[in-house]
Amino acid sequence: MLHNMVTGGHLGVQKLQGKVKDPRNPQAPLCPSFVSRPYERVALDILGPLPETRDKNRYILVVGDYFSKWTEAFALPNQEAQSVAKVFVEEWVCRYGVPRSLHSDQGRNFESLLFQEVCRLLEINKTRTSPYHPQSDGLVECFNRTLLAMLSLFVDENQNNWDSLLPYVMMAYRSSVHATTGFTPYKVMFGREMVLPVDVMLNVNLEEAFDSPKEYVQRMAETLSTVVGAVQQHQLQASSRQKKYFDFRAQVQYFVEGELVWVRNKARKKGVCFKLQRTYKGPFKVIERLSDVLYQIQPIKGGKTVVVHYNRLKPCVSQFVSERLEGSAESEQQPQHQKIFIKRQCPPPMIQCPSSRSAVTPTLIVMVQILLI
C-alpha cells in the first residue's frame, strides 16, 4: 500500500514502470542489408524544416543509392506527398531509371495513396522503417548529418542561403571516397573520376583518350565491372566490421508470443510536455516475432496491432500483470522472455577510412567551388 501512495513517490506500479528508465535495456544485434548493384535499393528521407530561403524553400528531399552511395538533395518549399512524388519521378527516375526497391520512414508523404500508386505503377517494392527507429534507414540518416555539417560551414548569418549551396556541397560529397565502398560515388556510377575545379587549377590530367565511342563503351564496361566487384567486397568487409563493433555489447532478450512488454514512448503530442510524460507506455501483448529485431504487438485491451523494433521494448514485470489482468488467463501464465548473451571479445583495432584520391578535403573543394562562382 505504501508503495502505491503518492507520498511514496512511486504512484503505483503502472506509473512507476511507465516512467522509469532501464539503463540495462539490451540492444539488438546489427542486421545489415546487402545490395549487389546500383539502383537495386534506394532510400528517401525529408530533412527539415530549415530556415526559409529567398526561394521559399524549407525542406530537403534526400535520395540515396545503397550500393554506390550516390546521393541527391533537392530543396523543397514543402513536404507534401505531391511535391515529393513529383521530384522523385522527374529528378531521379527520369534521370537514373526505376529502382527495384524504395525504403523510407513512415512519414505521411511516403505513406500517402499518391506515393503508393506511383510505386505500384513503376513496380517498385516499397519498404519502410519501424516507428521511431531511424537507425533502420542508416544510409540517409548518416548522410543528413554530413550534409548539415557541410552546410553549416558556409551559410550566411541569416541561414537563408542553404539551398544555393546544395549543388556545391553535393559535388564535394560525390567526389570523396566513401569508407564503405572504397571509391567515390561518382566513379561507382560512371566508371571514372570527376574532374574537379582543383584538378583544373593544378593541371591534373585525369582524362583518357579513346579512338571511338565503341572503344569508350568497352573500356567503361570493363572498368565498371571491376569497380562493382570491388565495391561488393568492400561492403561485405565494412558490414562485417560494423556488426562486430555494434554487437560487442549486444545482449538479446527474445520475447515470446503472449508475453507482455512495455514500449518506449517517443511520440510528442501537442499540449503535452515531453519531459514529464512516461518513458514507456503499455503494456502490450506480443502477437508475433517477425524477425530477430521486429515484433508485432497489440494493446492488452485490444486494438490495432503495430510493428516495433526490439530496441523500443522491455519486459513487463509479473506484479503489474497480476494487478492489471487479475482473474484472467493471461495473469496466471505469463511467458518468460529468453535471454541470449553474445560472447564478447576484445574490440578490434580501429580501421582508418580510405584517403581521398587527392589530398583535397571536401571542405576545401567546396571553398574552391564558391570562389570560382
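Values computed for the structure shown
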item: Val261 vs. criteria within 30 Å of Val307 (Cα to Cα) and at pLDDT 75 or above; result: yes
item: Residue list for the stretch 200-227, restricted to those being among the polar types (S, T, N, Q), assigned to a loop (DSSP other than H, G, I, E, B) and over 29 Å from Pro167 (Cβ atoms); result: Ser212
item: Candidate set: the stretch 141-199, residues that are of a type in the set (Val, Ile, Thr) and assigned to a helix (DSSP H, G or I); chosen: the one nearest to Gly97 (Cα to Cα); result: Val188
item: Residue match in the stretch 193-212 (condition: surrounded by 12 or more Cβ atoms within 10 Å (Cβ to Cβ), charged (D, E, K, R) and under 27 Å from Thr146 (Cα atoms)); result: yes
item: Qualifying residue in the stretch 199-217 (condition: under 30 Å from Ser152 (Cβ atoms), touching a His at 6+ places or on another chain (Cβ under 8 Å) and β-branched (Val, Ile, Thr)); result: no
item: Scope the stretch 172-226; condition farther than 18 Å from Tyr39 by Cβ and among the basic types (Lys, Arg); matching residues; result: Arg192, Lys214, Arg219
item: One residue from Val155, Val118 being without any contact (Cβ under 8 Å) to a residue 24 or more places away in the chain and surrounded by 14 or more Cβ atoms within 10 Å (Cβ to Cβ); result: Val155
item: Near pairs, Cβ below 6 angstrom, 6+ apart or cross-chain, from the stretch 211-226 (free of Cβ contacts under 8 Å to residues at least 60 places away in the same chain) to any residue that is of a type outside the set (A, V, I, L, M); result: Tyr216/Phe210; Met220/Gly191; Thr223/Gly191; Leu224/Gly191
item: Qualifying residue in the stretch 61-68 (condition: surrounded by fewer than 21 Cβ atoms within 10 Å (Cβ to Cβ) and of a type in the set (Phe, Trp, Tyr)); result: no
item: Exclusive hit being surrounded by 17 or more Cβ atoms within 10 Å (Cβ to Cβ) and either touching a residue at least 60 places away in the same chain (Cβ under 8 Å) or not aromatic (Phe, Trp, Tyr) (or both), set Leu165, Leu148; result: Leu165
item: Verdict on Asp105 being touching a residue at least 12 places away in the same chain (Cβ under 8 Å), closer than 30 Å to Ile297 by Cβ and in the same structural domain as Leu50 (by TED's automatic domain parsing); result: yes
item: Enumerated helices (runs of 4 or more DSSP H) restricted to the stretch 25-128, each holding at least 3 residues that are more than 20 Å from the chain's Cα centre (by Cα); result: 81-87, 113-121
item: Unmet requirement for Asn311, which otherwise passes all of (1) closer than 14 Å to Gly258 by Cβ; (2) modelled with pLDDT under 80; (3) of a type in the set (S, T, N, Q); result: (1)
item: Filtered residues of the stretch 199-241 (kept if of a type in the set (Lys, Arg) and either modelled with pLDDT under 75 or not assigned by TED's automatic domain parsing to the domain that holds Ala179 (or both)); result: Arg241
item: Count of the stretch 26-50 residues which are among the small types (Gly, Ala, Ser) and modelled with pLDDT of 90 or more; result: 1
item: Failed item in (1) modelled with pLDDT of 75 or more; (2) surrounded by 17 or more Cβ atoms within 10 Å (Cβ to Cβ); (3) under 30 Å from Ile297 (Cβ atoms); (4) under 27 Å from the mean Cα position of the chain (by Cα), with Thr180 passing the rest; result: (3)
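Matching residues to (1) closer than 30 Å to Gly182 by Cα; (2) buried (at least 16 other Cβ atoms within 10 Å of the Cβ); (3) at pLDDT below 95; (4) in contact with a Leu (Cβ under 8 Å, 6 or more places away or on another chain):
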| position | (1), (2), (3), (4) |
| --- | --- |
| Val84 | no, yes, yes, yes |
| Pro99 | yes, yes, yes, no |
| Arg108 | no, no, yes, no |
| Asn125 | yes, no, yes, yes |
| Glu141 | yes, yes, yes, no |
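The values are calculated or read from the model by the stated rules, or taken from the named source; none is laboratory data. Just so we're clear, the structure is a prediction, and the values are computed from it rather than from any experiment. Virtual Cβ from ideal backbone geometry, glycine too; neighbours counted across all protein chains shown.
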